[in-house]
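S.K.: I have a structure here, written as structure tokens, and I will follow up with some questions on it.
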Amino acid sequence: MLKRDEFLIYLVAALQPFIAIACRPGASPAGSSVVKTSAPDAADQAGDAGSGKTSDTLDKAVAALEGALDDDCVNLQREAVAALGLIGPPAIGAAPSIMRLTVDPDVPPMVLRGTLAKLGPGVIPVLAKTLEDGNTDARKFVLVTLLNLEPVPEEILPAVSAFLDDKSASLRLEAIDVLA
């Protein structure tokens, strides 16, 4: 018998091909013929995603994945972060929850940064708020994350410039990298 956490990990992992189809109409994940057979409305969802609309199913998936970010199981959190990255910009509402995971040493920062970058430009206000209100580690995380957003959005550059005079040498160096 599977434990609850194991079941949720398998569930999130199983959702990933469906999310890829729903969010990227041209995507053809491994086993896509099986996915198409088991989810006949995937083509309709793909059409909605292609037109800029998000389906109720996609919204529910984002909400469920965001809820999984608060679970005690680190593996489930990692899978949920990866799935949100596959969804991309429609999952922008999960950005604050993803940012809360930056203090968890069990969740690799590189995975979090990659997912935040995939959420697109809508993530900038969340990153800017962390630059203003966060501790030194959170601010450093944001500065390194901004390097993944190429080009770095101009609207955040004034907030980054403020770190050129910071007492933390590591923050000053990261700010220089972002501005360069």
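S.K.: Sum up the charges of everything whose Cβ sits under 9 Å from the Cβ of Leu147, counting Lys and Arg as +1 and Asp and Glu as -1, but leave Leu147 out.
M.R.: Computed value for this residue: -2.
S.K.: Once you charge only the Cβ atoms, +1 for Lys and Arg and -1 for Asp and Glu, what is the size of the charge dipole of the range 60-128 about its Cα centre, to the nearest 20 debye?
M.R.: The calculation lands at about 320 debye.
S.K.: Take Asp137 and Ala180, extend 7 Å from each Cα along the Cα→Cβ direction, and tell me the distance between the two endpoints in nm.
M.R.: Taking the simple label geometry, Asp137 and Ala180 are separated by 2.6 nm.
S.K.: Where does the charge balance sit around Ala138 when Lys and Arg score +1, Asp and Glu -1, over other residues with C-beta under 14 Å from its C-beta?
M.R.: Counting the neighbours of Ala138, the net charge comes to -1.
S.K.: Further question on the same structure: Apply 1/(1 + (r/R0)^6) to the Cβ-Cβ distance of Met110 and Leu164, taking R0 = 35 Å, and write down the FRET efficiency to the nearest 0.05.
M.R.: Between Met110 and Leu164 the formula returns 0.85.
Each value in this text was obtained by applying a stated rule to the coordinates, not by laboratory testing. Bear in mind that the values here come from a model prediction, so they are computed numbers and not experimental data. Cβ coordinates were reconstructed from backbone atoms using ideal geometry, including for glycine residues, and neighbour counts include every protein chain displayed.
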